[in-house]
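First up is the structure itself, then whatever we jot down about it.
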Amino acid sequence: MSSFDAPSPGLSRRRFLSAAAAGAAAAALSGCVSVPNTSTRTVYVPTTPRLAPGQSSYRVMYGALVDNGFEIPSVPIDRMDPRMLRQEVDDPTGERPGTIVVDTSQHFLYLVNEGGRALRYGVGLGRAGFEWSGRAQVERKAVWPKWHPPAEMIKRQPELEKYRTTFNKKTGEWEGGMEGGIMNPLGARALYLYQNGKDTLYRIHGSPEWWTIGKSVSSGCVRMLNQDAIDLYNRVPEGTPVLVTHGLYSA
């Protein structure tokens, strides 16, 4: 995620510049790049969590796929904590159906369904993922979005200079950034959260780094397995209400 995510066509230049100014004051919420993890990855004994509706096999759910021309590798689910796999659970949030709830204390994202049920996804968090909480809404969604590293990150990592974002005064458009792709930090999908019409700089996005799910090992916001990010993207429209909180009644 970056404080310079390019504006969508529906956003005015003034509105985007206002969001960018907010980004300068919240530089911690930028990057979405993993910090190398040299610790031993835990191997979990698989259990049988309740599958999400419409899914008959976790092997299928997290299998390799081609999406918009990009090859997404399969997830080695035997090496993951089974709690982090997408599954249907009793809703612990109390929110109305259709709401996304991110519980940063448990590394879970819930999509509230009817009948007191919810879809639960495991997520990975970075330091910035704990720095914002509150209510917002999904103002825009993106498929294989561009990534725009902020100036602070480029200063620390000069090799990112080629992805610097600049404003073209002639065209009135922002240019630059990393094109969408499997190595892009925002992954296959991104949901952009706004509050009262302003960009919170908080993103829910995909990632190929399955070993970071359920952990806090990166800068940035909320990352999901690419397969889960695609699933969530397909289930929620723009305008979806979101609650980010640190702790629910139960996990």
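The values are calculated or read from the model by the stated rules, or taken from the named source; none is laboratory data. In this text, all values refer to a predicted model and were calculated from it rather than measured experimentally. Here Cβ is always computed from backbone atoms with ideal geometry, including for glycine, and neighbour counts include all displayed protein chains.
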Starting from region 143-157, take each residue that is more than 28 Å from Tyr233 (Cβ to Cβ) and list its partners that are assigned to a loop (DSSP other than H, G, I, E, B) and of a type outside the set (A, V, I, L, M, F, W, C), counting only C-beta distances under 6 angstrom and pairs at least six apart or across chains.
Ile154/Arg164
For region 82-96, the count of residues that are touching a Phe, Trp or Tyr at 6+ places or on another chain (Cβ under 6 Å) and farther than 28 Å from Pro241 by Cβ equals 0
For region 178-193, name all the residues that are surrounded by fewer than 21 Cβ atoms within 10 Å (Cβ to Cβ) and either in contact with a His (Cβ under 9 Å, 6 or more places away or on another chain) or modelled with pLDDT of 95 or more (or both).
Met178
